[in-house]
Amino acid sequence: MRFRRLVAFHEAGCAVLAWDAGLRLPRVSIYPEEHTRGRILVDQEFPSGVSDGDRREQHVYLRLLAAGPLAVIMAGGKLPDDPHVGIEIDTHRIAVFARRAGLEIDAVFRETAVRLAFLWEPVEALVNALLMHETVSGPLASRIIRSTHPGPLLE
């Protein structure tokens, strides 16, 4: 699988889970910038405390971080063997946020995989848009996701 397509799956997985969590998406991109090969922008900062509200938001953030690598694997790709700054940063963030929030990392990955499988059609639709345009505005990404969303939210 071509690397650009893997980056698109990584970013689309994150973007669809961000949308699913109710976060506003200003932009989704697979255009290489500085130290990253793609990114989603989420119009919200995540807290550093450990109150119950913060734990929920950190759980959402962990799912967003886990969604990228999981989407790549679910698409039939594999993560690069050589060190990659983005993956190292995501892995470090997952460990830090899980420890801070007292969350089980394996459970976060399992929940994220189930959610991604449920939302796979929107992920693929967003991948196709990213491969055509490299950068998709938040409103367009939301329309693409909504138009292919399979149904009501799972709990």
Q.
Can you give the local net charge around Val16? Use residues other than it whose beta-carbon is closer than 12 angstrom to its beta-carbon, Lys and Arg +1, Asp and Glu -1.
A. -1
Q) So how much slack lies between Arg143 and Arg99, counting 0.36 nm per residue of separation and subtracting their Cα-Cα distance, in nm? A) 12.3 nm
Q.
At a 10 Å Cβ-Cβ cut-off, how would you order Leu62, Leu25, fewest neighbours first?
A. Leu25, Leu62
Q | Taking Phe97, Phe109, Phe3 and counting other C-beta atoms within 10 Å, the order from fewest to most | A | Phe3, Phe109, Phe97
Q: Please give the FRET efficiency for Glu111 paired with Arg24, using the beta carbon to beta carbon distance and R0 = 30 Å, rounded to the nearest 0.05.
A: 0.85
Q. Once the other residues with Cβ under 12 Å from the Cβ of Leu140 are scored (Lys, Arg +1; Asp, Glu -1), what is the net sum?
A. +3
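How do Arg4, Arg27 rank when sorted from fewest to most other Cβ atoms within 10 Å of their own Cβ?
Details: Arg4 14, Arg27 18.
With the fewest neighbours first, Arg4, Arg27 line up as Arg4, Arg27.
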Q: Provide the FRET efficiency to the nearest 0.05 for the Glu134-Met74 pair, computing r from the beta carbons and using R0 = 25 Å.
A: 0.70
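Just so you know, all these numbers are worked out from the coordinates, no wet-lab data involved. Computed from a predicted structure; not experimentally measured. Note: ideal-geometry Cβ built from the backbone for every residue, glycine included; neighbour counts use all protein chains shown.
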